[in-house]
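Report on the following structure.
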Amino acid sequence: MTAQRLAALAVDVGGSSLKGALVDVTGRSVRRETVPTPDDGGAAIDAIAALIGRLAEQARVDGLRLVGAGVVTPGTVDDTGTVAYASNLGWRNVPLARLLTERLGLPVSVGHDVRAAGLAEQLLGGASGERDFVYIAIGTGVAAALFSGGAVLPGAQRAAGEVGHVPVHPDGELCTCGQRGCLEVYMSGAGLSRRYLARTGRERSAKQIIARIGHDPDAAEVWGLGVRTLALGLATLTLTVDPSAIVLGGGISRAGQALLGPVRSELDRQLAWRSAPRLVTTALGTEAGRIGAAILAFRHAGVGDIVTSWPKADALIP
């Protein structure tokens, strides 16, 4: 069978949904499917396996030869595909790659969701051509992927990039992690909603808060402190790892210029003696994790050169 008939399966595991895709050799998603993530950790593994199984059956029907599957997940993931800890999924020391490989009978590569999204941005998105950059996903929480010399930095415990829990305000508000003043307390989907509720007594989603910035002083205040806090975290990252670019992803990045404009200004102000890195929002949106999972699958199968020729337009076609 020719290389043109090769395909891979990709699953982006989130706290609320599992986003799967059957991806052909051009990077195009032949089929996509999104299902809710079960609350129970064991049931979540069953749901991932079932999703991969359905996509694999679609590949068989279409006459595609699968090279394997890529699964990306939050938490701490080691080189064997074992998830040491993922709080939202209730996983501790789960050998996810082995379990899925044995159950499905095809090679499964497991990686970290934000690092995989950063890899996708490096190849196809806002960090295209960059070798030293930071990709930051700002959603319910905040996490980052750090790239240096073209390679991702996983860290000694495979936990590098937990910038959401960098204390930026000494003795600040309590975080769910037990620390005080963490970045994601002030700038994250959950953090914005919680702080707006505490200030007003009214429940609003982060999207609703952003939409109210121009006419709601409370929304403007919550957002403004979030922006200043994020810029402080980005200044610390800039001075620590010296990136040429910072790519903002995750749901909060959909705020566009309402986010980029004030963060750029504040970052310039905080970096007194050096210029700020290029600051952009994701070019791949919420598809970055799923695309990254497909890249992992092709690379794990030894045909990683395929992905270097993917056009972004094809990778984002439903």
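The table for this structure:
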read-out	value
Filtered residues of the stretch 256-287 (kept if surrounded by fewer than 22 Cβ atoms within 10 Å (Cβ to Cβ), under 22 Å from Arg195 (Cα atoms) and in contact with a helix residue (DSSP H, G or I) (Cβ under 7 Å, 6 or more places away or on another chain))	Ala258, Pro262, Glu266
Positions within the stretch 134-150 being assigned to a loop (DSSP other than H, G, I, E, B) and over 19 Å from Val222 (Cβ atoms), in sequence order	Gly149, Gly150
Unique match (being surrounded by fewer than 16 Cβ atoms within 10 Å (Cβ to Cβ) and assigned by TED's automatic domain parsing to the domain that holds Leu296) among Ala44, Ala50	Ala50
Single condition Ala69 does not satisfy, out of (1) modelled with pLDDT under 95; (2) under 20 Å from the mean Cα position of the chain (by Cα); (3) buried (at least 21 other Cβ atoms within 10 Å of the Cβ)	(1)
Residues of the stretch 238-250 that turn out to be within 20 Å of the chain's Cα centre (by Cα) and surrounded by fewer than 22 Cβ atoms within 10 Å (Cβ to Cβ), as a count	4
Residue match in the stretch 124-139 (condition: assigned by TED's automatic domain parsing to the domain that holds Gln157, surrounded by fewer than 24 Cβ atoms within 10 Å (Cβ to Cβ), under 22 Å from Leu183 (Cα atoms) and touching a residue at least 24 places away in the same chain (Cβ under 8 Å))	yes
Residue in the stretch 281-295 that is farthest from the chain's Cα centre (by Cα), counting only those that are more than 20 Å from Ala258 (Cβ to Cβ) and of a type in the set (Gly, Ala, Ser)	Ala294
Flag for Thr176 being in the same structural domain as Arg212 (by TED's automatic domain parsing) and free of Cβ contacts under 8 Å to residues at least 12 places away in the same chain	yes
Evaluation of Ser87 against (1) free of Cβ contacts under 8 Å to residues at least 24 places away in the same chain; (2) in contact with a Lys or Arg (Cβ under 6 Å, 6 or more places away or on another chain); (3) of a type in the set (S, T, N, Q) (one fails), failing number	(2)
Among (1) in contact (Cβ under 8 Å) with a residue 40 or more places away in the chain; (2) assigned to a helix (DSSP H, G or I); (3) out of contact with any strand residue (DSSP E or B) (no Cβ under 9 Å at 6 or more places or on another chain), the one test that Ser265 misses	(1)
Qualifying residues in the stretch 118-133 (those that are under 21 Å from Ala294 (Cβ atoms), outside any helix (DSSP H, G or I) and in contact with a helix residue (DSSP H, G or I) (Cβ under 8 Å, 6 or more places away or on another chain)) - the one modelled with the highest pLDDT	Phe133
Of all residues making up the stretch 181-196, the number that are more than 11 Å from Thr140 (Cα to Cα), surrounded by 21 or more Cβ atoms within 10 Å (Cβ to Cβ) and touching a strand residue (DSSP E or B) at 6+ places or on another chain (Cβ under 7 Å)	2
Arg115 vs. criteria surrounded by fewer than 24 Cβ atoms within 10 Å (Cβ to Cβ) and of a type in the set (D, E, K, R)	no
Check on Ala235, assigned by TED's automatic domain parsing to the domain that holds Val23, modelled with pLDDT of 95 or more and either buried (at least 19 other Cβ atoms within 10 Å of the Cβ) or of a type in the set (Asp, Glu) (or both)	no
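The values are calculated or read from the model by the stated rules, or taken from the named source; none is laboratory data. All values reported here derive from a predicted model rather than from experimental measurement. Don't worry about glycine lacking a Cβ; one is built from the backbone with ideal geometry, like all the others, and counts go over all protein chains shown.
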